[in-house]
Amino acid sequence: PAAKIFTLSYGACESDMGSTENASYNSWWQQAASEGITAYVSAGDQGAAVCDSDSSNNPPYGWATHGIAVSGLASTPYNVSAGGTDFSDTADGTQSAYWNTSANTTSPWISAKSYIPEIPWNSTCASSVVVDYVGAPDPGAFCNSSSGKNFVSVGGGSGGPSTIYAVPSWQSSVYGSPSGASAKRGQPDVSMFAASGLWGHLLVFCMSVTNAGGTPCTYSNVNDVIGNVAGGTSFVAPILAGVQALVNKASGQSWGNMNTKYYALAAAEYGTPGSPNSSSLTICNASNGTSSGSGCIFHDVTRGDITVPCKKGSTDCYTSYTGTTNNNCVSGGGSTNNANACGILSTSTTTSQPAYPATAGWDYATGLGTLDVAHLIAAVTAYSIGGAISGLNVSNTVGLTLTDTTTSNAQAQNYGNGSFTFSTPLNSGDDWNVAVTTQPTGQTCGVSNGSGTNLSANVTNVTVTCTTNTYTLTYTTDGNGTISGTTPQNNVPYGSSGTAVTAVPNAGYHFVQWSDGSTANP
């Protein structure tokens, strides 16, 4: 069968691609979505400055000169844009809270204890997390300092607004997302870990071709591991494709543009632009770490940013550096007029408005945040239920109350095994009323001589007949889903199985349980 998942780990400057190339990618991803194919595309590895990925004159590792930009390969409304995060434990000095520390020279492996707090992947001197860690007064001061020189780069997870596409309706439905008549399609959509090592965290891969720089993939030697590590959203796109394979299997369907589901789920978790879900936003905050909410589908990254250093005077560059010389942002020396000082990529050139910070809900830094895969799988799984309507035991006993209508004395009797014997003789001349007070669960019983009729004293046996109840089963929802299957189901005997039906959650909801407490397939 045709593959239903596609992943692309390349990028290109949207504004450089031209109308024809942009239209081509838009058409390809639209066709893929219409055929049920989910396309995951890397958002980029240059922070909010994707058009500076190939600059050759940036010192020492790169700075932005082209302004805020996104990748056109990932900016269409029909693909999922994959962003990147890092862990914040090193910056916070909390590694021991999240990692087992049993590694040694012969066994370099350690494992995570729990979910680890996340920040946007940003390996540059402009990162607010880096600036806070080194104690610099602001990003501009650090980027223009001797200690910040080696962090002048554009390395980090990308994001930002498209210059072409309007914001899709599914994206504008989530708290924090772009909204308004002029709003544009925003990247990324979702993120996963993509860091390149600034805080000591990287992704391990296998590439053993030595003449291409590879090392043995046994990972028994620490140096070999170091040779096979990297970062980038090029990893995130295939990671999310793997998650999508699990989603397709669990839900029994292909999804096409998975964003329609992601954003519907996020709207339920984060709330809408006009009605934020404050409780979930607090519980699902990625900074909570081990106390992050157990029911969250998305970990909401709210700390850090994806701004990068830029050349003073360039597009979208805010510069706060006021020194008389600069020896850091230009390779080979400084300048007396400060013309080559570093600034930070900003949505304003007159005030510092970093492009872009991580905030509550959706944002340009990490999109909806990162996925809790187990909770995502539960949210897309359609549950069916069959089997008995109730698990209660059926009793063989019928309770009868006989009332002497003359004296108003009453006695309770039990009927079982087809016979009934009065515990005391009926008084001659008295009239007795026989009524059924209890009966087997799921059955209706009556006295053949007529409940409510008078019995003469010479009646010593009463016939009680019980029939199994039948029911009309009507399955209903709380309005946040639909029922697939026959409903109502008429004349179903008590204790028998009705025809199985399936609960199908609406977009943004996931199945919890039936009213009898059933939470999974029987």
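The values are calculated or read from the model by the stated rules, or taken from the named source; none is laboratory data. Just so it is clear, the model here is predicted, and its values are computed rather than measured. Backbone-built Cβ (ideal geometry, glycine too); neighbour counts: all protein chains shown. We work out accessible area using only protein heavy atoms, side chains counted, and drop any ligands, DNA or RNA first. Shrake-Rupley method; radii C 1.70, N 1.55, O 1.52, S 1.80 Å.
Would you call S280 modelled with pLDDT of 90 or more, touching a Pro at 6+ places or on another chain (Cβ under 9 Å), in a helix (DSSP H, G or I) and more than 19 Å from P188 (Cα to Cα)? Explain how you work it out, then say what you get.
Numbers: modelled with pLDDT of 90 or more: yes; touching a Pro at 6+ places or on another chain (Cβ under 9 Å): no; in a helix (DSSP H, G or I): yes; more than 19 Å from P188 (Cα to Cα): yes.
Judged against the criteria, S280 is not a match.
Give me the pairs: first residue in the stretch 119-146 and under 20 Å from T85 (Cα atoms), second residue open to solvent by 10 Å² or more (accessible area, probe 1.4 Å) and basic (K, R), beta-carbon distance under 9 Å, and six or more apart or on different chains, which are they? Filtered contacts from the stretch 119-146: I119/R303; P120/R303; C125/K149; S128/R303; V129/R303.
Right, T290: open to solvent by 60 Å² or more (accessible area, probe 1.4 Å), over 22 Å from P188 (Cβ atoms), outside any helix (DSSP H, G or I) and modelled with pLDDT under 95 or not? Full working, then the answer.
Numbers: open to solvent by 60 Å² or more (accessible area, probe 1.4 Å): yes; over 22 Å from P188 (Cβ atoms): yes; outside any helix (DSSP H, G or I): no; modelled with pLDDT under 95: yes.
So T290 fails the test.
In the stretch 60-89, what count of residues is obtained for those that are over 18 Å from L198 (Cβ atoms) and surrounded by fewer than 24 Cβ atoms within 10 Å (Cβ to Cβ)? Within the stretch 60-89, residues that are over 18 Å from L198 (Cβ atoms) and surrounded by fewer than 24 Cβ atoms within 10 Å (Cβ to Cβ) number 5.
Name every residue in the stretch 1-51 that is of a type in the set (D, E), open to solvent by 80 Å² or more (accessible area, probe 1.4 Å) and not in a helix (DSSP H, G or I), in order of residue number. Result: E35, single match.
For a quick check of your reading: which helices (runs of 4 or more DSSP H) sit entirely within the stretch 63-175 and have at least 3 residues that are over 17 Å from A286 (Cα atoms)? By residue number, 128-134, 139-143.
Listed by first and then second residue, the pairs with beta-carbon distance under 9 Å, at least 6 apart or on different chains, first residue in the stretch 84-98 and closer than 27 Å to L240 by Cβ and small (G, A, S), second open to solvent by less than 40 Å² (accessible area, probe 1.4 Å) and assigned to a helix (DSSP H, G or I), are G84/T233; G84/V236; S88/V129; S88/A286; S88/G289; A91/V129; A91/V130. If you go through the stretch 298-322 and keep only what is in a loop (DSSP other than H, G, I, E, B), at pLDDT below 95 and crowded, with 17+ Cβ neighbours inside 10 Å, you end up with K312, S314, T319, S320, Y321.
If you check T210, T215 for being among the β-branched types (V, I, T), open to solvent by 40 Å² or more (accessible area, probe 1.4 Å) and without any contact (Cβ under 8 Å) to a residue 24 or more places away in the chain, only one passes: T210.
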